Amino acid sequence: MIQLSYEIKNDDFLRAGEASSSIKKTLRKLGIESNIIRRVAVATYEAEMNIIIHSKGGQIDVAINPEKIEIYASDLGPGIENIQLAMQEGYSTAPQHVRELGFGAGMGLPNIKRCADEFEIESVVGEFTKLKIIIYH
Amino acid sequence: MNTVKDLIEALELEMLGGSEGLDKEINGVYIGDLLSWVMAHVQPGDAWITIQTHVNIIAVGVLGEVSCIIIPENAEVDEATITKANVEEIPLLRSSLNAYQLAIKLNQWEGLK
């Protein structure tokens, strides 16, 4: 099993996407099928952007097993008040200055769920949000 | 021929960065400015037209495996975006035409026929 871990900083738009790119490159080196790599890339990119845009910072951990890829994204809050709403396509709490950059389409979590074979989200307001994403290959 | 280099010549595009990636082949075209939407729908090898010019378009381009990014209407591009395009070897191109006019020209371009 290969394990990767990335620290993601709040508001760090300059480095945004670097963790996802690094994960993608590793999967390519391992010869993982391109359709699977694409799903992992979309899921990790959205998780990375969510941490950058919405949280106080967090991390993404990836475990590559022979039969599945596990992705854990966790942040230090502030948490999601209404997860059901956050899972709806088009719903976003992103501020205006971020929307002007093309983010905040309200597609992040729905995109992640679509790419995942298994998806779990847990959030406590004032504490954290944690995502568990499993993709079989 | 359908490389980025061929497209630059055919459509008289301005080359801003990512010149190491000029041999990439173009298989289609995608137009969009909402980055999550683009991430979900762009196809590998697409030439991506977007009015977004900040550095994160390069990350989306790399992850979406686009052949090149075309900025329409001579929009101003951040220096950080050009630097990142060079690092990631994603051709970053610019045109005076708008996205619609570019789409018409791309439709007529021999490289996509």
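The values are calculated or read from the model by the stated rules, or taken from the named source; none is laboratory data. What you are looking at is a predicted structure, and each value in this text was computed from that prediction instead of being measured. Cβ placement follows ideal geometry from the backbone for every residue including glycine, while neighbour counts extend to all protein chains displayed. The accessibility values were calculated without ligands, DNA or RNA, using every heavy atom of the protein model including side chains. Shrake-Rupley method; radii C 1.70, N 1.55, O 1.52, S 1.80 Å.
For the reader, a short list of remarks on this structure follows.
- With distances taken between every two different alpha-carbon atoms, the protein assembly as shown has a Kirkwood hydrodynamic radius of 18.5 Å.
- GluC sites (Glu not before Pro) within region A:20-87, DSSP loop, no more than 15 other Cβ atoms inside 10 Å: A:Glu33, A:Glu67, A:Glu81
- The alpha carbon centroids of region A:75-137 and region B:12-52 are separated by 26 Å.
- Kyte-Doolittle mean at least 0.0, axial Cα span of 24 Å or more - DSSP H helices of chain A: A:34-54
- Positions from region B:20-53 whose accessible area shrinks by 20 Å² or more when the full protein complex is built, not the chain alone, probe 1.4 Å: B:Leu34, B:Leu35, B:Ser36, B:Trp37, B:Met39, B:Ala40, B:Gln52
- Per principal axis, descending, Cα span of chain B in whole Å: 32, 26, 24
- For region A:1-87, the share of alpha carbon pairs falling in successive 5 Å distance bins from zero is 3, 14, 26, 23, 16, 12, 6, 1 percent.
- With Cα atoms as the point set, region A:44-135 shows a radius of gyration and Dmax of 12.8, 42 Å.
- Relative intensity, log₁₀ I(q)/I(0), of region B:30-95 from a Debye sum that treats every alpha carbon as a point, q = 0.12, 0.23, 0.24 Å⁻¹: -0.23, -0.90, -0.99
- Whole-number accessible area per residue in Å² for the protein assembly as shown, which is evaluated in the context of all protein chains at 1.4 Å: 47
- Across region A:121-137, rounded Karplus estimates of 3J(HN,Hα) from the backbone phi angles (6.51 cos²θ - 1.76 cosθ + 1.60, θ = phi - 60°) give 10, 9, 8, 10, 4, x, 10, 6, 10, 10, 10, 10, 10, 10, 10, 7, 9 Hz, Gly and Pro being marked x.
- Hydrophobic long helices, here whole DSSP H runs in chain B with Kyte-Doolittle means of at least 0.5 and Cα atoms spread over 30 Å or more along the helix axis, are not found.
- Of the accessible area of region B:33-72, computed with a 1.4 Å probe over protein heavy atoms only, carbon and sulfur atoms account for 59 percent.
- Residue pairs exceeding 32 angstrom between C-alpha atoms, taken from A:Lys68/B:Lys113; A:Lys56/B:Lys5; A:Lys25/A:Lys56; A:Lys24/A:Lys56; A:Lys132/B:Lys113: A:Lys68/B:Lys113; A:Lys56/B:Lys5; A:Lys132/B:Lys113.
- The modelled label-to-label distance for the pair A:Lys29/B:Ser96, using points 7 Å beyond Cα in the direction of Cβ, is 4.6 nm.
- Cβ-defined net charge surrounding B:Gly28, 13 Å radius [Lys, Arg +1; Asp, Glu -1]: -1
- Here is the interface size for A with B: some 1900 Å² of accessible area buried, both sides summed, with a 1.4 Å probe.
- Residue-count net charge about B:Arg94 - beta-carbon cut-off 10 Å; Lys, Arg +1, Asp, Glu -1: -3
- Region A:32-137: trypsin sites (Lys or Arg not before Pro) in DSSP loop, at most 14 other beta carbons within 10 Å: A:Lys56
- Region A:31-137, accessible surface, carbon-and-sulfur percent (1.4 angstrom probe): 48
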